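Student: I am attaching a structure below and will ask some questions about it afterwards.
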Amino acid sequence: MKDKIDIQNLTDTRKITIDKVGVKNVQYPIIVEDRADRIQNTIANLDIFVELPHQYRGTHMSRFLEVLNHFHTETLINSLPEFLQELRTALKADAAYVKLTFPYFIKKVAPVSKIKSLMNYQCVFESSLRDEYCLKIGVEVPITTLCPCSKEISDFGAHSQRSYVFVSVRYQEFIWLEEIIDLVEAAASSEVYSLLKRVDEKFVTEKAYQNPAFVEDVVREITLKLQNDSRITWFRVESENLESIHNHNAFASVERNKR
């Protein structure tokens, strides 16, 4: 019987290191720390990569899942440094990366009726390990913004729109996802809720009208708070308005390294 050659381990002579190679969109159950209920179970999409040295033709894709399954009974987010180190060892790589994208649910209370409902936020954790471990946590927060210019020039009414703010941070002391969400919603013309009664709709509509904000205003208000938070060492803020009367979106962003 002919010996089987491990094609992936053959030497590649093109001398090109591949920055990231691996698997994407792996669905996996994870546990996230929850400020209100201690823990929350959710499902994440994982992108897992390593650096491929120039001398190797290919990587061993199955090993990514083998390493992941070693952490099946663990709280994966708390074990990311160990997970990435095991990836580097198993795949003989100098660098390893993982990105987790998952829905996170918070119980929100309507402003007037006080009816409770669950609101979901899309969260992203990105971590890497080369010379040192690095972790960024991020959350996308839907908000309402009302145009200050529209309010100023109109005899009645003003256009408002759904907006999405994405905040990503690195920190030296723990920060809750809920803290980031609270910070973003405080900079909005109004929060967004999953369930509102008529009295609530009146409240949020009038609140937005009384608190107009450009996309630039939102980004600047959030930046001020993040700059003054000593726990945070780096951050990026992105805000995008899905314009209701224009055939384009409005966008603004700020990135700062505080070290």
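Student: In this structure, is residue 184 touching a residue at least 40 places away in the same chain (Cβ under 8 Å), β-branched (Val, Ile, Thr), assigned by TED's automatic domain parsing to the domain that holds residue 198 and crowded, with 19+ Cβ neighbours inside 10 Å?
Tutor: Yes: the conditions hold for residue 184.
Student: Does residue 26 satisfy the criteria of being part of a strand (DSSP E or B) and either under 15 Å from residue 127 (Cα atoms) or at pLDDT below 90 (or both)?
Tutor: Criteria not met by residue 26.
Student: Follow-up. Identify the single condition in (1) out of contact with any strand residue (DSSP E or B) (no Cβ under 7 Å at 6 or more places or on another chain); (2) over 22 Å from residue 108 (Cα atoms); (3) among the aliphatic types (A, V, I, L, M) that residue 169 does not satisfy, given that it satisfies every other one.
Tutor: (1)
Condition check ((1) in a strand (DSSP E or B); (2) surrounded by fewer than 19 Cβ atoms within 10 Å (Cβ to Cβ)) across all residues:
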position	(1), (2)
126	yes, yes
136	yes, yes
139	yes, no
163	yes, no
179	no, yes
188	no, no
203	no, yes
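Student: In the stretch 192-203, is there at least one residue being among the hydroxyl-bearing types (Ser, Thr, Tyr) and touching a strand residue (DSSP E or B) at 6+ places or on another chain (Cβ under 6 Å)?
Tutor: Yes, there is a match, as at least one residue in the stretch 192-203 is among the hydroxyl-bearing types (Ser, Thr, Tyr) and touching a strand residue (DSSP E or B) at 6+ places or on another chain (Cβ under 6 Å).
Student: Would you check if there is a residue in the stretch 163-180 being in contact with an Asp or Glu (Cβ under 6 Å, 6 or more places away or on another chain), within 16 Å of residue 212 (Cβ to Cβ) and either not hydroxyl-bearing (Ser, Thr, Tyr) or not assigned by TED's automatic domain parsing to the domain that holds residue 49 (or both)?
Tutor: Among the residues of the stretch 163-180, not one is in contact with an Asp or Glu (Cβ under 6 Å, 6 or more places away or on another chain), within 16 Å of residue 212 (Cβ to Cβ) and either not hydroxyl-bearing (Ser, Thr, Tyr) or not assigned by TED's automatic domain parsing to the domain that holds residue 49 (or both), which makes the answer no.
Student: Exactly one of (1) free of Cβ contacts under 8 Å to residues at least 60 places away in the same chain; (2) small (Gly, Ala, Ser); (3) touching a Leu at 6+ places or on another chain (Cβ under 8 Å) is unmet by residue 62. Its number?
Tutor: With respect to (1) free of Cβ contacts under 8 Å to residues at least 60 places away in the same chain; (2) small (Gly, Ala, Ser); (3) touching a Leu at 6+ places or on another chain (Cβ under 8 Å), residue 62 is out only on (3).
Student: Scan the stretch 65-77 for residues that are touching a residue at least 24 places away in the same chain (Cβ under 8 Å) and surrounded by fewer than 18 Cβ atoms within 10 Å (Cβ to Cβ) and jot them down.
Tutor: 65, 66, 75
The values are calculated or read from the model by the stated rules, or taken from the named source; none is laboratory data. Everything quoted here is computed from the prediction, not taken from an experiment. Ideal geometry is used to build each Cβ from the backbone, glycine not excepted, and the neighbour counts take in all protein chains shown.
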